Structure formats: structure tokens, C-alpha cells
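Visitor: I am attaching a structure below and will ask some questions about it afterwards.
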Amino acid sequence: MSFQAWSARLWQQIRGVNPFDGDCLPTRVSLSGFGRPTLPFPHLWNYKNPIKIFETFYWDGQKEMGSGKHNRYIYLAGLPPVLLTREPAVIKAVLGATGDKPGQFDRDTSPMAGIARATGEDSLLYSNGLTWRRQKRLSAEPFSRANLFQPEKFHGFEQTFRKTVAERLETLRSHQQASGERVSRIQFEPEIKVVMLEMLVNNFFGGHVSEKELRNRFVPAIEMLIDHMISDTVAPVSLALFRMLTGRNAILKQKMADFEALTDIALSGRAEGLGLWKQFQSDAPDDALRSNIRVFLAGAMEATTSFASWAIAHLSRATDIQDQIYEEVKEISVYDPDKLASASTLNRVLEETLRLTPALYFLPRRATVDTWLEMADHRKMFIPKGTQLRLDVWHANRCEEFWGKTVTGYLAETFAPDRWEVLAKKGITAKEMLHFGFGHGPRFCPGRFLGLLEVGLVVGAVVKIFKFTGVGKEAQAKAGVSTKPADGVLVDLELRT
């Protein structure tokens, strides 16, 4: 950016000019005031609580009228505006207009700088434009519903998944029986994380790695690298100095080597067409796939662990809904698409989990040119070139105006799977009431059907064997790359009789 452009923008900011326009006009966030949750931008003391940063954008917004209380911006220091929106119509319009054509929005890669440095820039998650389209062609086919749910392919695939889940839960059951205690207290999230990574590496990619090595070597490596990716995005220089002074660079280097070893294991089944590699048709060399494999291993483990952890956390505080799911799944031995579809309570729980506690709590976009955005109801918003957009899915799904009692029959911040039945009776489909749990538009998550299969299988299997009650009144959220229950899904566990 030239000095002239920077100074013109700075002068506009000093004068308090709103850089946006239209009949869906965002309002400015004040940088001063007492009682706010935190400052409305990340720094060394708040970057581990991004949900609170987003919450600050709306702190003084209730005095605004119309969409101005849902669309908020900061604009300072000669930098481009940052627009945060929790309005579903705006989120949907931006996601639908994502691409690399003139007037479309590219993914903003700035929140993923640390991810790119750790996994590589040539990946479906990070790249834009032609690179992204090439990576989508390479990666998306094995995930498609048509591919995953072809009967002759699905049953073998589901069987290997089910075997993995059954073995891990049988270990937990045996431990419970051997303890002699009717009730034991455990954190479920670490168990879920191992199961999810095992399913990805051994079942999806056809690799061969033991549960013990996953638990003791590879899961800790990915956990440390994910924490590193976040800090390396927010404060790369100061935290690099901290690692050097404390000797953590050597530990990080070893964890990166472990991650590379796991990537090799995931790629090893390709030559023999193991797992879903048999569906992967490409002459691209293994090295061209490494970035996507790294992103998939870390990202899919994070996302599916988040999804399953939240579902179990919610059910641990709704034992009546647990019992309803148990009645649906107690006779199911094969989780094929028809059987999963017939478990209506389980499916409503999965949808409600994605709405109330989405793993991907915001989606970043960037305006590449001055752009007029048009919503489905024909309202328009002018968004200036360079604007960083943060599509705040977390708060959109918890806003009473959009998801509350008047619309769905239940308070927006309440876990209420039956709201989906209320919506269905009103003739409102999930396509109309988007919770953006897997995104929307061209960058819609290609792993949606795999994620639903994995999480539905895990949650159904857990309910089938155990009763579990949450410790504490409610599960607070923590957020990094994804959201998770802050207590690690701490539950009192007992076997079903």
C-alpha cells in the first residue's frame, strides 16, 4: 500500500467517516469504555479467548438500530477496516460470493498464517484462486456423499470405523468393570481425540499405527503444534524469542518430526490403494499432497473431536435425551445411512450441537476490490477494498433475534434438539435456517459427510454402552483452531445395565 493511500485512509479514520455504505450499514466499535469483556482485537493477553474478543464487538451495539447492532467494524491506524458480522443473511451472502472472480471475496489467510507455516501453503485450507481450485479437485472426491455412501464401498468402510470405536470403548468398559466402582469420573475429550485420529489414519487412509503410539506420541504432537500455530499467528516474533530462551524449540522440532512421520504413515497406503485411497484418482506425486494430508490430520482431528465432545457434553446435561437416543440405537449393529437417518433424536442432537457450539466459530474473508454485497432480501452493503471480514458464526447462532423462542420455540442459547422439529413443522428446512456448521458456498467443508458419519457413530456407540452425567452446571467454551468444552468433557460415567 502506498503512503498516499495509507494517509488518505488515516485521515478518513480521524474524521470518523464510515467506510461502508448501503441500507445494511455497519456501525463502529468504540475502543474505549468500562466493563467490556476485553479489547476488540487480539493481543498477547487475550488471544487465547477469541470468542470474548468477538463478544466485545457487540458490547455497546444494543443501542444501535436494525442491522447496525449485528454488523460492527473497527477502523484505525491507517489500516483497512475489520468487519465482524453475526447476521445470518450477511454471512450467507458473503460465503455465497466467495471466489477469485472480480467482486468476489477471497478467504482471508491472515488468521491462518501459523497454520500455513506449520503445514504448508499449498493446501485446500490455506490457498486461494487457482491453487485452491486445483487442491479441491485433488481432495474433494473421496469425501463426497455419492462416494462415501455407495453401498458396496460404505459397508466395508463403516465396518472398519465401527471396529475401531468398539475396541476403544470396550477398553473403557473393561476398565470401568475392573474398578469395581459403579460410577467413575473421567475426561472424555482425550479418549475421543485418540479414537478420531485412529479412524482417520488407519480407517480412512489405510495406515497402520497402534492405539498406544497414537495416544502417547502422535496426539500430543498435534496438540502442541496446534497451540504453536495459534501463537505463531498472533505474535510470531515475541513467542519465537520465548521458545528460544526456554528451550522449547527443541521440543517443537521433535513434535514436527513426529507429525511428518504420521504424514508418511497416512501416505503409505496410497500405493496399495488402501482405505479411501482407492477412490483417489490422480497422478500427483506424494510430495504434492503432503500439505493437504497435514491439514487433514490436524484439522479433521480437531473438528471431529470438537463436534463429538460438544455432543457428549450437551447430552451429559440432558439424560432424558440420552435415553431417547439409546432407544433408537440399542438394536443398531450397522450404522448405514438409512439406520442413521432413522435415529431422529440423534440427528437432531447433531444439528443442534453444530448450531449452538460449532467447531468453526468464525469464517475469515477479504474484499479484494470495492464490492457491493446484495442479500437475499435485496438489501445492499458497500464493502471497501481490503476489508477483513470475520463471519461470526458462534454469535449468529446464539442471537435470540435469529434463533430464539419466537422463531424456533426455544431460547437461542439453550441446547434444545427439538427446535429442529418445531422448524420442520413450520416447513422451514435446514437449508433455510443455516447454522454454517460446515460453512456454506464454494468453500463448504468437503468432509461434511465423513464428519457426520464419524461423530454419529461415536456418539451413538457411547450412549449405547454408558450413562454419563456432566460435572458442573454447564460446559464453558474454549477456542483456538476450533471450540471445545473447557473442562475436557468431565463426566461421571456408569455402565448401562
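The values are calculated or read from the model by the stated rules, or taken from the named source; none is laboratory data. As the structure is a prediction and not an experimental result, all values here were calculated from the model. A quick note on method: Cβ atoms are made from the backbone with ideal geometry, for glycine too, and the neighbour counts reach across all protein chains shown. For accessibility, only protein heavy atoms count, side chains too; no ligands or nucleic acids. Shrake-Rupley method; radii C 1.70, N 1.55, O 1.52, S 1.80 Å.
Visitor: How many residues does the range 321-353 contain that are among the hydrophobic types (A, V, I, L, M, F, W, C), farther than 16 Å from Glu421 by Cβ and not in a helix (DSSP H, G or I)? Steps first, answer last, please.
Guide: Of the residues in the range 321-353, the ones among the hydrophobic types (A, V, I, L, M, F, W, C) are 321, 325, 329, 332, 334, 340-341, 343, 346, 349-350.
Applying the additional criterion that residues be farther than 16 Å from Glu421 by Cβ yields 329, 332, 334, 340.
Those still in the list that are not in a helix (DSSP H, G or I) too: 332, 334.
The qualifying residues number 2.
Visitor: Quick check on this structure: which one of Thr233, Thr171 is out of contact with any Pro (no Cβ under 6 Å at 6 or more places or on another chain), open to solvent by 50 Å² or more (accessible area, probe 1.4 Å) and either farther than 30 Å from Asp108 by Cβ or part of a helix (DSSP H, G or I) (or both)?
Guide: Just a single option satisfies the conditions, and that option is Thr171.
Visitor: Next question. Would you confirm, using the coordinates I've provided, whether Lys253 is assigned to a helix (DSSP H, G or I) and more than 24 Å from Ala116 (Cα to Cα)?
Guide: Criteria not met by Lys253.
Visitor: Let me ask something else. Any residue that is touching a Gly at 6+ places or on another chain (Cβ under 9 Å), under 14 Å from Arg419 (Cβ atoms) and crowded, with 16+ Cβ neighbours inside 10 Å - is there at least one of those in the range 358-374?
Guide: No, there is no match, as no residue in the range 358-374 is touching a Gly at 6+ places or on another chain (Cβ under 9 Å), under 14 Å from Arg419 (Cβ atoms) and crowded, with 16+ Cβ neighbours inside 10 Å.
Visitor: Report, by residue number, each residue of the range 81-115 that is surrounded by fewer than 21 Cβ atoms within 10 Å (Cβ to Cβ), part of a helix (DSSP H, G or I) and small (Gly, Ala, Ser).
Guide: Ala89, Gly96, Ser110, Ala113
Visitor: Looking for whichever is modelled with pLDDT under 95, farther than 30 Å from Asp108 by Cα and polar (S, T, N, Q) here; the options are Thr469, Thr497, Thr406, Thr414. Which one fits?
Guide: So the residue among Thr469, Thr497, Thr406, Thr414 that is modelled with pLDDT under 95, farther than 30 Å from Asp108 by Cα and polar (S, T, N, Q) is Thr497.
Visitor: Further question: Exactly one of these conditions fails for Tyr335: (1) modelled with pLDDT under 95; (2) closer than 22 Å to Ala412 by Cβ. Give me its number.
Guide: (2)
Visitor: Consider the range 447-476. How many of its residues are surrounded by fewer than 18 Cβ atoms within 10 Å (Cβ to Cβ) and either hydroxyl-bearing (Ser, Thr, Tyr) or under 14 Å from the mean Cα position of the chain (by Cα) (or both)?
Guide: The total comes to 2.
Visitor: Every residue in the range 119-131 that is crowded, with 21+ Cβ neighbours inside 10 Å and not in a loop (DSSP other than H, G, I, E, B), please.
Guide: Within the range 119-131, just Thr119 meets the criteria.
Visitor: I'd like to check something: does the range 269-279 contain any residue that is out of contact with any Pro (no Cβ under 9 Å at 6 or more places or on another chain), in a helix (DSSP H, G or I), open to solvent by 40 Å² or more (accessible area, probe 1.4 Å) and acidic (Asp, Glu)?
Guide: No: the range 269-279 contains no residue that is out of contact with any Pro (no Cβ under 9 Å at 6 or more places or on another chain), in a helix (DSSP H, G or I), open to solvent by 40 Å² or more (accessible area, probe 1.4 Å) and acidic (Asp, Glu).
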